[in-house]
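> Structure below; questions to follow.
Derivation of every value follows stated rules applied to the coordinates shown; laboratory data play no part. Note that the structure is predicted; figures quoted are calculated from it, not measured. Positions of Cβ are backbone-derived with ideal geometry, glycine not excepted, and every protein chain shown enters the neighbour counts.
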Amino acid sequence: MSSIGRGFFRRVDRHRLQALRTVLTRLLACLLMCLPLAAAAAEREPARRALAPQSGVSQDRALNLVREAVDGRVLSVVPIESGRRGYQVRILLDGGRIQTIRVSPRGRLERR
């Protein structure tokens, strides 16, 4: 009976080893497949930080940009805090008309 028992346990151990090898092989394959994704995410992370919103243009820079673009008297410069940063500059033009210009954080002018 001892020889029958030994054969049974050897067969079970062999099946367990095969199952363990299969599981480990699949796990290793999954990890190797995910490695390029992790590397790509790590490469994008510094770029994402570089694209994060900066403090934007200063009030003086916004004022100079508007003065270069429009001939008129500056009435007010108001910082924009809702949603995105920038400045809203109001200018009195020669004909008595008031024009509002937005200066984006990157220094782009948007006339309104």
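> Sort the following peptides by mean Cβ neighbour count (other Cβ atoms within 10 Å, averaged over residues), highest first: 28-39, 88-99, 56-67.
Working: 28-39: 9.7, 88-99: 13.2, 56-67: 15.8.
Highest to lowest by the protection proxy: 56-67, 88-99, 28-39.
> What whole-number value in cubic angstrom gives the convex hull volume per residue for the C-alpha atoms of the stretch 54-104?
For the stretch 54-104, the hull spanned by Cα atoms encloses 64 Å³ per residue.
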